[in-house]
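Here, each number is a calculation from the coordinates, and none is a lab measurement. In this text, all values refer to a predicted model and were calculated from it rather than measured experimentally. Glycine gets a Cβ as well: all are built from the backbone with ideal geometry, and neighbour counts include every protein chain shown.
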Amino acid sequence: MLESFLQNVINALQWGSFYALIALGYTLVYGVLTLINFAHGDVFMVGAYIAFFISTFFLTTLGLPGWVALALCIPLTMILTSLVGVTLERIAYRPLRKKGAHRLYVVITALMCGLILEHANLAILGASRKAFPPLIEVQVYNIGGVTFTNLKIAVIVTAFLVFLFLQWVVTRTRVGMAMRAISYDNFAVPLMGIPLDQIIVVTFILGSGFAGLAGLLFAMSYPVLEPYMGALIGWKAFIAAVVGGIGDIRGAFLGGFLLGAVEIMVVAFFPSTFRDLISFTVLLAILTWKPTGLFGIAKTTKI
Amino acid sequence: MVFMLRRYSIHLILALAGGAIVYSADQEYLGLYTLSVLMFMGVNVILSTSLNLVNGYMGEFSCGHAGFMAVGAYVSSLLGVWLFAKDRVFGVPLLDPGYALYAFPVLILIGGVAAALAGLLVAVPSYKTRGDYLAIITIAANYIIISAIENIGAIGGSRGFMGMKRLVNSMEDVVDLPWMPIWVIIFTILSVWVIRRYVSSTFGKGVSAICQDEVAAEIMSVNTNKIKTVTFMLSSGIAGIAGGLFAYILGYVNPGSFNILKSTEVLVMVYLGGMGSLSGSILSAILFTILLELLRPLQIIKWIVIPLLLIILMQFRPEGIMGNRELGDLFPRLKKLYRFK
């Protein structure tokens, strides 16, 4: 009983790590721009595909050993994916922001960007699924009946490291201070000499880069790629971010793990088709009980 | 004479257009394909106007409209098949299929009522939750509804449910008219009329007060909870009616066709037409349906072209086709010719 519980905890931590990594990107962008970047799930998908192409290139064309390919793949994937994110910001969101359009229009634009990414992928690469090449040898450890792989541990550790890094960036660095300032008041901040656009670009680089990392890790853990893989995970990660209290790094992280835990536990004790039903009902209950999420602070409104 | 014309011009136009469609459907001038496109146009008009009530007039961001549509579709089709058609699941019909014709509007309305009750799933949390958090609740509601339907094996689960065509056929056996187009036209006009009446009523004033400033509205003695409940329930109820019609047009429902993509489609129609503009919503629903059909030969590229068009629209005319104005505001001279209440 304890073993199966611990097993489920490890699975939940791994599954939650993906949600947490993607939710961090949502929450960063939201914190700065109050924009729900609905294309983020698809940026994650693009990240997984970029990782696929890079790693097949290194493994088969250049014939590099797996760990070298992985070591090159991580930074390259992150850089290329963050380029995708920044491109979206530059082409689609910034012109709207300059015009002072209502933020809902930006949200719709983000939704449409996500659709374009999905279907462009489908049109260019076809509907067939891609198998991700194994980059590292998966080793299975067994301690007291609880089995885990080196990959699972790597995913969980990465999620924690990324969280600590982002928390450090947001609370301890000048860029992070600027981000918090923008989220506090985006009208006065440019007057104080803070370059608004540059900070926003940095935010998108951070969010999309880690979405790319999540894509790589996801592809390594579940080596089947399809164009729609980002959509559902993206929506769910967004929900996780909101349950944690959107705009707060800790909230996104915790929300991601919470959602992962609920989903894994539901699958462990109920038929797996109940997963969405029960996990979303739990989330609905949490939001009804705490309307601004776990870490969210209710803002005072001036009339 | 002019006065009479002004008063009844809308009625006249609608009656003529509806009559023309029904007549040409009856004489088979219109192919089945054209007819089904026209019917989906009607369904889309209902959907976009009803979502406009929440997203445009009340200023909330609901992105789970398809969930309520699913409730309406399933309730009305299950009830209809149970009562009036022979089916694998329910066996022999309980009532004489000849009555189906008279019961059909009741079935659709019951579907609407069920969807309105499902709307409580969003309405109750909306008392305390606002903005993006409410958006999440609507998404979650959509997922919950879809997932619940998928898990009820008796009604087909994710395989879907069919048998509604028999009911449509038995309607046509009683009186030989193309009944589905007739009902779609009637319900489209009815729901647009209801929404129009609602937004111009005292409640409607409260709705736009909530849109502009919820706290201030509450201080000015607007009962915001009551208005939110009624608006959410009305919006989702009308979406349920659209769902019922959708189910009977297709003759087949499955939970997959009411997913978040469908909700996105409806959202697109609302924002294309302009928030808070009924005529904009109607226009954009019609345009969007035609666009979807015109681009059908492009297959998968269609879903690149349409979002691209929308992004371009958002860049150059972010308020949509009509902004928050009605047809009469754009062309003041038209106001002399009609009166629509």
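Inter-part distance, segment A:149-175 to segment B:232-284, computed on C-alpha centroids, equals 42 Å. With the simple spin-label model, which puts each label point 7 Å out from Cα in the Cβ direction, the A:Leu6 to A:Leu83 separation comes to 4.6 nm. Here segment B:1-70 and segment A:1-63 have alpha carbon centers that stand 43 Å from each other.
Peptide B:214-225 has a mean of 1 when you count, residue by residue, the C-beta atoms of other protein chains within 10 Å of its C-beta. Between A:Ile143 and B:Asn225, the modelled label-to-label distance comes to 5.1 nm, taking each label 7 Å out from Cα in the direction of the beta carbon.
Helices in chain A, meaning DSSP H runs of at least 4 residues, each add -39500 (n - 2.57). Divided by all residues, the mean residue ellipticity at 222 nm is -24000 deg cm²/dmol. Computed over all pairs of different Cα atoms, the Kirkwood value for the hydrodynamic radius of the protein assembly as shown is 26.2 Å.
Based on C-alpha pairs under 8 angstrom that are at least 6 apart in sequence, chain A has a relative contact order of 37 percent. So the label point goes 7 Å from the Cα of A:Arg94 along Cα→C-beta, right? Which residues of segment A:191-205 then have their backbone N under 19 Å from it? Only A:191, A:193-205 pass the distance filter. So which of A:Lys290/B:Lys205; B:Lys262/B:Lys302; A:Lys236/B:Lys262 end up more than 27 Å apart by C-alpha? Check vs 27 Å cut-off fails for A:Lys290/B:Lys205.
Note on chain B: Cα-Cα pairs beyond 38 Å make up 15% of the total pair count. Span-like helix criteria (full DSSP H runs; alpha carbon extent of at least 27 Å along the helix axis; mean Kyte-Doolittle hydropathy of at least -1.0) are satisfied in chain A by A:2-33, A:66-88, A:103-125, A:150-172, A:196-221, A:249-269. Taking every C-alpha pair closer than 8 Å and separated by at least 6 residues, the mean separation divided by the residue count of segment B:2-336 gives a relative contact order of 31 percent. Taking a straight Cα-Cα cut-off under 14 Å and skipping sequence neighbours fewer than 8 places away in the same chain, the aspartates and glutamates within cross-link reach of B:Lys226 are B:Glu214, B:Glu218. Compute the distance from the alpha-carbon center of segment A:265-287 to that of segment B:109-139, in whole Å. Cα centres, segment A:265-287 to segment B:109-139: 19 Å. Applying both filters, DSSP loop and at most 11 other Cβ atoms within 10 Å, to the trypsin sites (Lys or Arg not before Pro) of segment A:1-103 eliminates every site.
So how do B:Lys165, B:Lys262 line up by other beta-carbon neighbours within 10 Å, fewest first?
B:Lys165, B:Lys262
Loop-located trypsin sites (Lys or Arg not before Pro) in segment A:230-303 (DSSP state not H, G, I, E or B) with no more than 10 neighbouring Cβ atoms inside 10 Å: A:Lys299, A:Lys302.
In segment A:1-48, how does Rg compare with the Kirkwood Rh, expressed as the Rg/Rh ratio over alpha carbon atoms? Provide the component values of the computation, followed by the final result.
Numbers: Rg = 14.8 Å, Rh = 12.3 Å.
Ratio value, two decimals: 1.20.
Were the residues from B:Glu28 through B:Phe331 laid out at 0.36 nm apart, the gain over their Cα-Cα distance would be 105.4 nm. For a Förster distance of 56 Å, can you work out the FRET efficiency between the beta-carbons of A:Val68 and B:Ser208, rounded to the nearest 0.05? About 0.35, to the nearest 0.05. Taking label points 7 Å from Cα along the Cα-to-Cβ direction, B:Trp193 and B:Asn324 give a separation of 2.8 nm.
Please identify, among B:Ile152, B:Ile144, B:Ile300, the residue showing maximal mean-square fluctuation in a Gaussian network model of chain B using a 10 angstrom Cα cutoff. Looking only at B:Ile152, B:Ile144, B:Ile300, the biggest GNM fluctuation is shown by B:Ile300.
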